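Structure record follows, encoded as structure tokens.
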């Protein structure tokens with residue numbers, strides 16, 4: 001199965017506009033068999049990215065805050081063994097204000113093999129701060 005590497009989330013706040021620019025990035029690694037099947041039109045992958053608030057289980061666990069749309073579909077116009085994916089969105093501060101005090105936000109990337117409907121997921125490191 002393909003792999004996900006180097007997940008990163010960057011949040012840039014604009015205090016005047018009361019917005020946050022969210023940029024989520026990761027690298028996808030396809031093996032040679034997957035790449036050949038994609039080039040032949042036999043296989044597709046779908047990459048989704050979502051933002052979560054990191055919360056302890058006693059508080060209900062991680063909360064889904066935002067889903068980037070649309071998902072990215074592979075192969076794209078130039079299929080490669082390594083694909084860098086970037087999701088970007090400007091959000092109102094309130095979207096990421098998931099609890100009282102300091103916010104702990106991470107990006108979760110989920111790559112699905114659409115042929116067999118198996119998926120892998122990888123989280124970025126948590127970004128902490130006040131929104």
Taking the C-alpha atoms of the stretch 3-129, convex hull volume expressed per residue in Å³: 107
Only Cα pairs under 8 Å and at least 6 apart count here; give the relative contact order of the stretch 3-129 as a rounded whole percent. 33
Stretch residue 82-residue 120 to full length: gain in nm at 0.36 nm per residue minus the Cα-Cα span? 12.1 nm
Can you tell me how much longer the chain between residue 15 and residue 94 gets when fully stretched, taken as 0.36 nm per residue apart minus their C-alpha distance, in nm with one decimal? 27.2 nm
To the nearest 0.05, how large is the calculated FRET efficiency for residue 64 and residue 31 if R₀ is 35 Å and r is the Cβ-Cβ distance? 0.70
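No lab work stands behind these numbers, since they all come straight from the coordinates. Just so you know, these numbers come straight off a predicted model, no measurement behind them. Note: ideal-geometry Cβ built from the backbone for every residue, glycine included; neighbour counts use all protein chains shown.
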